There are 2 protein chains.
Amino acid sequence: MRSKVPLLDRVMHYIVQRKGKQMRPMFTLLSARQFGPLSEPAYTAASLVELLHTATLVHDDVVDDSDRRRGFFSINALWKNKVAVLVGDYLLSKGLLLAVDHGQFELLRIVSTAVREMSEGELLQMEKARGLNFDEAVYFDIIRKKTASLIAACCASGAHAGGAAPEQVALMRDFGEQAGIAFQVKDDLFDYGAGKGIGKPTGIDIKEGKLTLPLIHALNQAAPADRQWMVRTVKQASKGKGDVGKLVAKVVELGGIEYARKAMYDHRDQALAILHKLPRTPARDGLEGLLEMTVERTK
Amino acid sequence: MRSKVPLLDRVMHYIVQRKGKQMRPMFTLLSARQFGPLSEPAYTAASLVELLHTATLVHDDVVDDSDRRRGFFSINALWKNKVAVLVGDYLLSKGLLLAVDHGQFELLRIVSTAVREMSEGELLQMEKARGLNFDEAVYFDIIRKKTASLIAACCASGAHAGGAAPEQVALMRDFGEQAGIAFQVKDDLFDYGAGKGIGKPTGIDIKEGKLTLPLIHALNQAAPADRQWMVRTVKQASKGKGDVGKLVAKVVELGGIEYARKAMYDHRDQALAILHKLPRTPARDGLEGLLEMTVERTK
């Protein structure tokens, strides 16, 4: 990954030292292994999805104005937005070149679609947050695009690299989509302190104007007076005002956490049902374990 | 280009209404026409390079914190950085999907390389500006990457789409590179008011810390006392202080404009010499015209 630009090398070094959970390459490699021995196309796909994911994280931190990522300073906090935007573009092009250099056209098709859906999902989220839209179907549409589309792409591209037939690639895509939805609901639960070990502090999503499932459900359950107060507090929170702690408590009181947790397990179960259409192998067991980790992780 | 995200559609509508000079698609289509009749692959390539170019402009305005683009408000000024970063990513992925959907693998190879070089070039420019590096070779390396690489990709992908043999594709790439260098030197001359009709105000590059050829040459020509004052003024300019008008006048006085203009014509001549290795056709005449427009344009 060395370039001829020292600044870029310093940023890349910083990124590589602070790896995440690497769940996306694991989804990719296990999906490949389910259909055949691991070979170069599977490793290319795994590298590409992690590069792509890293690119979107770097851009997300600009989008959200975050100064923290994985417990360390974000790229935009250390080097400013300028560098973060450009490094994100660089990572994206490096990922695509990897597929191009290895002649993996189908991989490019799968991931380009995911890149488009991810940016669409983020834009949809911003728009719906601004309009204070508390529709559950809209929430699921957003997380399907912004998060699940990439995990779906991991499983589909892995399966394709492993030599799966088109209908099996489609099945793995569906598995990844359900797993990805469960993953994002879990992430959104963390913001309400649910099931959390360490990580980002509670209430951040509300302050960033992100309307997630626990809040959406609570709002739709609330009595008119409560609802009015909650909507007002969400509006104030985006301006750094309002009692966010009390809002979080209200969401818990109205059953928002339990409801979202149930939705998460529902999608986990749907993912599992899809997976069980395939023969049991060590790779399938691995995918089950990864799915379990998705919903039981504490960070 | 319609999506399911109303916010995205509004931004896209805004962008499409404010088209630029569309020089990149013209380079692409004329390069294709030199080798054969225009057909779908050439149009795909032309659309892709314009989408890509637009994506980088949207990101550039975030990077440079510009609130103007083509005489109108920039996307980041109207919708904030968040939207601009995501719309840039969306345009990039839409462009790539265009190539994927049309099965144009070689096109993807050519443009992915350009995307990587463009972000490298921008990062290199930032780094060198910070270190106050006034090396002419570094300047040419930066503009070759950040600007000429895409115009080279236009000509190479166009030629490939038109059915050119690999050595002719390479020749057209070299032509595009020289034309692209001339194009950027011309752009940098505008900042010193040279040959300008309307457009961005003088001195912007200096304020943004961009060290371009007129300034670099003037600095390398200046007597020690002048040089010291100039370097100090460049440093102050990035903080919104210092007499930028006087610095521009000094650059003119020291022959910076004339020197850069000569360099621009040198690269134009090199481009022309490459082009003349090909048989004369209406398309070749068109490329010559485009090259002339590159160096003689007033905006």
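Read-outs throughout are calculated quantities, based only on the coordinates presented, and are distinct from any laboratory measurement. Every value quoted in this text rests on a predicted model; they were computed, and no experiment measured them. Don't worry about glycine lacking a Cβ; one is built from the backbone with ideal geometry, like all the others, and counts go over all protein chains shown.
Can you grab the distance from the C-alpha centre of the stretch A:235-299 to the C-alpha centre of the stretch B:225-299, Å, no decimals?
57 Å
Hand me the trypsin sites (Lys or Arg not before Pro) from the stretch B:17-65 located in a DSSP loop with no more than 16 other Cβ atoms within 10 Å, in residue order please.
B:R18, B:K19, B:K21
Quick one: of B:K82/B:K145; A:K145/B:K239; A:K210/B:K146; A:K21/A:K262; A:K94/B:K128, which pairs are farther than 31 Å apart, Cα to Cα?
Result: A:K145/B:K239; A:K210/B:K146 exceed 31 Å.
Out of A:L108, A:F35, A:Y139, whose Cα points farthest toward the positive end of the dipole of the stretch A:6-281 (charges: +1 Lys, Arg; -1 Asp, Glu; placed on Cβ)?
So the residue furthest toward the plus end is A:Y139.
Once you place label points 7 Å from the Cα toward the Cβ at B:K299 and B:A273, how far apart are they in nm?
3.5 nm
Which pairs, out of A:K19/A:K186; A:K4/B:K250; A:K299/B:K80, put more than 25 Å between their alpha-carbon atoms?
A:K4/B:K250; A:K299/B:K80
Treat each spin label as a single point 7 Å out from the Cα along the C-beta direction, and report the A:R18 to A:V231 distance in nm.
Computed distance between label sites A:R18 and A:V231 equals 3.9 nm.
Give me the three principal axis extents of the protein assembly as shown from the C-alpha atoms, as integers in angstrom, largest value leading.
73, 54, 41
State, to one decimal in nm and shortest first, how far the label point of A:K246 sits from each corresponding label point in the other identical copies (label point: 7 angstrom along Cα-to-Cβ).
Distances to the matching label points in the other copies: 5.8 nm.
At 222 nm, what value in deg cm²/dmol follows for chain A if DSSP H runs of at least 4 each add -39500 (n - 2.57) and the sum is divided by all its residues, to the nearest 500?
One gets -24000 deg cm²/dmol as the mean residue ellipticity at 222 nm.
Can you bin the stretch B:1-141 into rounded, prolate or oblate? Criterion: square roots of the alpha carbon gyration tensor eigenvalues sorted a ≥ b ≥ c, rounded for a/c under 1.5, prolate for a/b above b/c, oblate for the rest.
Since a/c reaches 1.5 but b/c is at least a/b, the shape of the stretch B:1-141 is classed as oblate.
Stretched out fully, how many nm does the piece from A:A249 to A:E292 gain, at 0.36 nm a residue minus the Cα gap?
So the extension gain works out to 12.7 nm.
Give the average, rounded to an integer, of partner chain Cβ atoms located within 10 angstrom of each Cβ in B:76-88.
5
In whole percent, what relative contact order does chain A give with Cα contacts below 8 Å and a gap of six or more residues?
Result for chain A is 20 percent.
Name the shape class, rounded, prolate or oblate, that the alpha-carbon gyration tensor gives for chain A, where a ≥ b ≥ c are the square roots of its eigenvalues, rounded holds for a/c under 1.5, and otherwise prolate holds if a/b is larger than b/c and oblate otherwise.
oblate
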